[in-house]
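Below you'll find the structure, written out as C-alpha cells, and then a few comments.
The values are calculated or read from the model by the stated rules, or taken from the named source; none is laboratory data. This one's a predicted model, so the numbers in the text were calculated from it and none came from an experiment. Cβ placement follows ideal geometry from the backbone for every residue including glycine, while neighbour counts extend to all protein chains displayed. Side chains are part of the model used for accessible areas, which takes the heavy atoms of the whole protein and leaves out ligands, DNA and RNA. Shrake-Rupley method; radii C 1.70, N 1.55, O 1.52, S 1.80 Å.
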Amino acid sequence: MADSWKTRTKLVHEGSRRSQYGEMAEAIFLTQGFAYDSAEQAEARFLQSGPDEFIYARYGNPTTRMFEDRIAALEGTEDAFATASGMAAVNGALTSLLKAGDHVVSSRALFGSCLYILEEVLTRYGVRVTFVDGADLDQWRAAVTPGTKAVFFESMSNPTLELVDISGVSEIAHAAGALVIVDNVFATPIFSRAVDQGADVVVYSTTKHIDGQGRALGGVICGTQHFVRKVAEPYLKHTGAAMSPFTAWIMLNGMATLDLRCRAMADSALTIAKALQGHPKVPRLIYPGLPSHPQHDLAMRQMGSGGTMVAFDVAGGKEAAFRFMNALEIAKISNNLGDAKTIATHPATTTHQRLPQDQKDALGITPGLIRLSVGLEDADDLIADLMRGLDAA
Ligand SMILES: Cc1ncc(COP(=O)(O)O)c(C=O)c1O
C-alpha cells in the first residue's frame with residue numbers, strides 16, 4: 001500500500017495479494033484450510049502465524065484478508081475483521097469487549113437488531129445499559145460515568161436519519177475512559193470519517209453500500225490492531241462469525257465502485273428530497289442534506305453530504321403509505337439499503353415492527369413513514385415514480 005493513495009485508488013488496489021500466476025482479479029481462495037510442509041510448520045503456525053500465513057478459514061483466509069486490509073485502509077484503522085453479517089460485527093464488537101457488571105451507554109435510535117443485542121442479549125449477561133437521546137450531548141454527559149466501558153451509536157440512525165455528533169460524544173466518552181463504538185452503516189465509509197472524528201471502533205453491515213448490489217450478507221469491525229486481534233478476534237473466531245471467502249470477493253469487487261456509487265446516490269437523494277419538499281402529501285421530509293433539516297450543519301461538518309437515504313411521511317398513515325408503495329414501478333418494496341436498486345421500506349410494519357408503540361412514537365416511526373434508499377437509476381425517473389406513488393396515496 002502507498003500511504004499517499006487517495007480513496008479511489010485504495011478502493012481499487014489496496015490489500016491485493018497475488019499468487020504466483022499474477023492474476024488481475026482478486027482470487028477466491030475457496031478453501032477451509034491450508035496444508036503445511038511439515039508437522040513442525042503446523043505446530044509453529046498454531047503458535048504464531050505470520051502476516052501471510054493461514055490456518056483455517058474460520059480464523060482467516062487470503063481473500064477475506066484482502067478485504068480486511070482494503071477496508072482498514074479506507075477507514076484509516078490499523079486492522080479489521082470481516083464477519084458473516086453486519087449483526088455479527090455489532091454483536092462481536094460489543095460482546096467481545098464487555099463482561100458482567102460493565103456499563104454501556106447507547107443512543108436509543110437504533111436498528112431493531114442492534115437494540116435487541118443491547119436490550120436483550122447484553123443485559124442477560126449482566127451488562128448495564130443506559131439509553132440516551134443520541135442527538136442530545138447533555139444526555140450523553142449525564143449518562144457516561146468514569147465506570148462506563150463503552151458507548152455505542154449509529155452515526156446516522158435507522159430509519160429517521162438522526163445524526164449523532166461523533167466528535168462531541170467521543171470527547172465525553174474518552175474523558176471517562178470509555179471506548180467509542182460506531183455503527184456507520186447509514187453514513188457510509190465514503191461520507192463519514194468516524195475514526196478521524198474520535199471513534200475507536202467502527203462497524204459496518206457490508207450487506208449495504210459496500211456490496212452495493214444486494215448480493216451477499218457481510219459485516220466488518222475496524223479498529224486498532226489491539227482491539228481487532230486481541231479483543232474481537234478470539235471471540236469471533238471461536239464463535240464462528242467469519243465472513244466466507246466468496247463473500248469477501250464480492251465485497252472486494254463492490255469496493256472498487258463504492259466511492260462513485262455513494263456519490264451518485266447521494267446526488268440523486270438530494271435531487272429527490274428537493275422534489276418532495278413542500279409536496280402537499282408529504283407533511284414530514286427528513287434529509288440531512290437539506291438546509292431545512294435541524295442537523296444540516298452537523299451533517300455537512302461530519303459527512304460533507306446528506307447521504308443516500310431519504311425518509312418522509314405520506315399523509316394518511318399506513319393505508320396511504322401502502323397505496324404509495326404499491327403504486328411504485330421502479331423503486332422496489334424491500335428492506336435492504338445502499339443497493340443499486342432504489343428500495344422503499346415501511347419501517348413501522350417491517351424493520352421496526354417489533355418495537356412497542358411508545359418506542360415507535362419516541363423514535364418518530366409513524367404509520368406513514370417511508371424510508372427510501374436511493375439507488376443508481378436516473379433521478380428523473382425516480383422522481384416520476386415517487387410522484388406516481390404520491391398520486392395513488
Ligand atoms: C444500522 C444497521 N446496523 C446493522 C445492520 C445489520 O446488518 P446485516 O443485515 O448485514 O446483519 C443493519 C441492517 O439493516 C443496519 O441498518
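Listed by position, the helices (runs of 4 or more DSSP H) inside the stretch 250-364 whose residues that are of a type in the set (K, R) and surrounded by fewer than 19 Cβ atoms within 10 Å (Cβ to Cβ) number at least 2 are 258-276, 317-326. Against the list (1) over 20 Å from the mean Cα position of the chain (by Cα); (2) at pLDDT 95 or above, the condition W5 fails is (2). For the stretch 365-375, taking the residues that are part of a strand (DSSP E or B) and over 18 Å from R108 (Cβ atoms), the one that is farthest from the ligand (Cβ to nearest atom) is identified as I370. Of the residues making up the stretch 191-229, those that are open to solvent by 10 Å² or more (accessible area, probe 1.4 Å), within 10 Å of the ligand (Cβ to nearest atom) and over 11 Å from the mean Cα position of the chain (by Cα) number 2.
The residue of the stretch 238-249 that is nearest to L11 (Cα to Cα), among those that are open to solvent by 40 Å² or more (accessible area, probe 1.4 Å) and part of a helix (DSSP H, G or I), is W249. Here V185 fulfils each of the conditions (1) of a type in the set (V, I, T); (2) within 16 Å of the ligand (Cβ to nearest atom); (3) surrounded by fewer than 18 Cβ atoms within 10 Å (Cβ to Cβ) apart from (3). Has the stretch 96-107 got at least one residue that is farther than 30 Å from V132 by Cα and open to solvent by 50 Å² or more (accessible area, probe 1.4 Å)? No, the stretch 96-107 contains no residue that is farther than 30 Å from V132 by Cα and open to solvent by 50 Å² or more (accessible area, probe 1.4 Å).
The single residue among A143, A178 that is closer than 23 Å to V220 by Cβ and either in contact with a Leu (Cβ under 6 Å, 6 or more places away or on another chain) or away from the ligand (no atom under 11 Å from the Cβ) (or both) turns out to be A178.
Scanning the stretch 197-236 for residues that are touching a helix residue (DSSP H, G or I) at 6+ places or on another chain (Cβ under 8 Å) and among the polar types (S, T, N, Q) gives Q197, S205, T206, T207, Q213.
Note on the stretch 171-231: enclosed strands (runs of 3 or more DSSP E) holding 1 or more residues that are closer than 16 Å to S85 by Cβ and of a type in the set (A, V, I, L, M, F, W, C) are 201-205, 219-223. Scan the stretch 65-90 for residues that are hydroxyl-bearing (S, T, Y) and within 16 Å of the ligand (Cβ to nearest atom) and the total you get is 2. Condition (residue is loosely packed, with under 15 Cβ neighbours inside 10 Å and closer than 30 Å to E120 by Cα) applied to the stretch 4-25: is it met by at least one residue? Checked the stretch 4-25: no residue is loosely packed, with under 15 Cβ neighbours inside 10 Å and closer than 30 Å to E120 by Cα. Only one of the listed residues (A100, A25, A44, A93) is of a type outside the set (S, T, Y) and within 16 Å of the ligand (Cβ to nearest atom). That residue is A93.
Okay, residues lined up against (1) crowded, with 22+ Cβ neighbours inside 10 Å; (2) at negative phi; (3) not in a helix (DSSP H, G or I):
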site: C114; (1), (2), (3): yes, yes, no
site: T130; (1), (2), (3): no, yes, yes
site: G134; (1), (2), (3): yes, yes, yes
site: P146; (1), (2), (3): no, yes, yes
site: V169; (1), (2), (3): yes, yes, no
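Against the condition in contact with a Phe, Trp or Tyr (Cβ under 9 Å, 6 or more places away or on another chain) and at pLDDT 95 or above, how does H279 come out, does it pass? Yes, satisfied.
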